[in-house]
Amino acid sequence: MKEKISIDEFDGKKFKIRFVEQEDNRKAVLTHYLHNYHNGVKKHYEKEAIQYLKQIVEYKNEEEQLNYVSDVALQQLLFEVENVPFPTPENYTFKFIDLFAGIGGFRLALQNLGGKCVFTSEWDENAKKTYRANFGETPFGDITKQYTKDYIPDDFDVLCAGFPCQAFSIAGKRGGFDDTRGTLFFDVAEIIKKKKPKAIFLENVKGLINHDKGKTLATILNVLRNDLGYYIPEPEIINAKDFGVPQNRERIYIVGFRNDLNINSFSYPKAHNKKVSFKKVKEKKVVPTKYYLSSQYLQTLVNHKQRHKNKGNGFGYAIINDEDISNAIVVGGMGRERNLVIDKRITDFTPTTHIKGEVNREGIRKMTPREWARLQGFPDSFIIPVADASAYRQFGNSVAVPAIQATAEKIINLLNI
């Protein structure tokens, strides 16, 4: 058939006017259903998914004078969600869920190990676009809402979550499950309590160790160990630079196993001996008008750094040479200019409308979104469908895939699945 039907029908203005719902999880439900079409998990989403499929068919037939039938539409949509850069492994060996998914760093790592994602959630709409472009699946929305939690299926093996760091109200209390209410960790703990996965894998910023004078981490460990019944070895700081990417990025990893599995020891992965430099990820051709700094702006950075160098605050930057490694990529403010690189291969230093003033003659530029993707271990086949501003934010918020994968491999090996 020449006519095409797509999940994007849900985004049409006329469609939204016709099928109004308080909370629109239709794309998430239908794509999760299609992704699990060849296994038992599809039953969890089937009733609603078929209803939404009928809505799309009805809409297309009336709007475009077509004669679609559900079976044909289903086959086209199956092809759409399966014909993506990173499909589910054909012979997957375990199932996992991906909370606070971002653009899918956890998913990419665990799929590489033979895992199948059966549920994912992420609130940011631009991150959802990137996630769907690469995995064919639209994440569910706000995980703090009960109706979102209700979509999580049973019987998955591993829960993955890179949850934000928040303080708890534990003054005068024991620092247990109830004391975490109102925080995003509470929602993670609630899901663990109800679904009881075999293993959990949490990631957070290094600052969690000292957050609220150590009370935050102590509460998390107490809840996981004593309230939820998991063996939790001491968390460890893992640095991305030790696992094949040239970025000095330290994050705390928390791993756990359900007590009835009788797993009582766990070793985090050892650092790789091979060190890599920025040269490995540097793009060969970069558009001057897009990424090179003007002479005026570069001088502004120099002046700003000079003014704040003894104050312990303000924005600082570093020029990363080819043989160096990058500082941790961060989002917000001047984060994109925190790591500058020298690239003198351009010959056109003339003024442009894109850069206010003349391009600096030293060839200093900010890193590109693709370079940020590589710094986090994303392959070049990973699609970046959003504007640069969103791309920087997404990769800056993501996990370092190789470090996640090395740790997840240790988890899966202990589970014998």
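Express the C-alpha Rg of the range 1-83 as a ratio against the empirical globular expectation 2.2 N^0.38 Å, rounded to two decimals. Intermediate results must be reported in sequence, preceding the final value.
Values: Rg = 12.3 Å, N = 83, 2.2 N^0.38 = 11.8 Å.
That ratio works out to 1.05.
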Original post:
Which of these, Ile238, Ile342, Ile384, has the largest mean-square fluctuation under a Gaussian network model of the chain (Cα springs below 10 Å)?
Top reply: Ile342
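So for the range 149-265, averaging the separation of alpha carbon pairs under 8 Å that are six or more residues apart and normalising by length, what relative contact order in percent results?
Working: 176 pairs, mean separation 31.6, N = 117.
In percent, rounded to a whole number, it is 27.
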Subject >> Virtual spin-label span in nm between His38 and Lys270, 7 Å along Cα→Cβ >> reply: 3.9
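Could you line up Asp150, Asp187 from fewest to most neighbouring Cβ atoms inside 10 Å? Don't jump to the answer; show the numbers that get you there.
On the way: Asp150 8, Asp187 24.
Listing Asp150, Asp187 from fewest to most nearby Cβ atoms yields Asp150, Asp187.
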Original post:
Points 7 angstrom from Cα along the Cβ direction at Gln146 and Glu90: gap in nanometres?
Top reply: 4.4
Original post:
For the chain, what is the mean residue ellipticity at 222 nm derived from helices alone (per DSSP H run of n ≥ 4: -39500 (n - 2.57); sum divided by total residues; nearest 500 deg cm²/dmol)?
Top reply: -10500 deg cm²/dmol
Subject >> Cβ-derived FRET efficiency at R0 41 Å, Asn416 paired with Glu323, nearest 0.05 >> reply: 0.45
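For the range 167-281, what does the equivalent ellipsoid look like in terms of its semi-axes, each the square root of 5 times an eigenvalue of the Cα gyration tensor, given largest first in whole Å? Can you show the working numbers first?
Details: eigenvalues 171, 65, 26 Å².
So the three semi-axes of the range 167-281 are 29, 18, 11 Å.
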Original post:
Could you put Phe395, Phe106, Phe15 in order, starting from the residue whose Cβ has the fewest other Cβ atoms within 10 Å?
Top reply: Phe15, Phe395, Phe106
Original post:
Mind listing the Cα extents of the chain along all three principal axes, in Å, largest one first?
Top reply: 62, 61, 40
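More than 18 angstrom separation, counting every C-alpha pair in the range 36-157; what % is that?
Details: 4209 of 7381 pairs.
Above the 18 Å cut-off, the range 36-157 has 57 percent of its Cα pairs.
What is the antiparallel percent of DSSP beta bridges lying wholly in the chain, to the nearest 5? Walk me through the numbers on the way to the answer.
Details: 18 of 37 bridges.
Of the beta bridges lying entirely in the chain, close to 50 percent run antiparallel.
Which value, in debye to the nearest 20, gives the size of the charge dipole of the range 203-258 about its Cα centre, when Lys and Arg are +1 and Asp and Glu are -1 at the Cβ?
Working: 8 positive and 7 negative charges, 16 e Å.
In total the dipole reaches around 80 debye.
Could you pull out the pairs from Lys95/Lys241; Lys4/Lys284; Lys27/Lys410; Lys60/Lys95; Lys128/Lys213 whose alpha carbons sit more than 32 Å apart here?
With Cα atoms farther than 32 Å apart: Lys4/Lys284; Lys27/Lys410; Lys60/Lys95; Lys128/Lys213.
The numbers here are math on the coordinates, done by the rules we state, and not lab data. Nothing here was measured: the structure is a model prediction, and the numbers come from that model. Don't worry about glycine lacking a Cβ; one is built from the backbone with ideal geometry, like all the others, and counts go over all protein chains shown.
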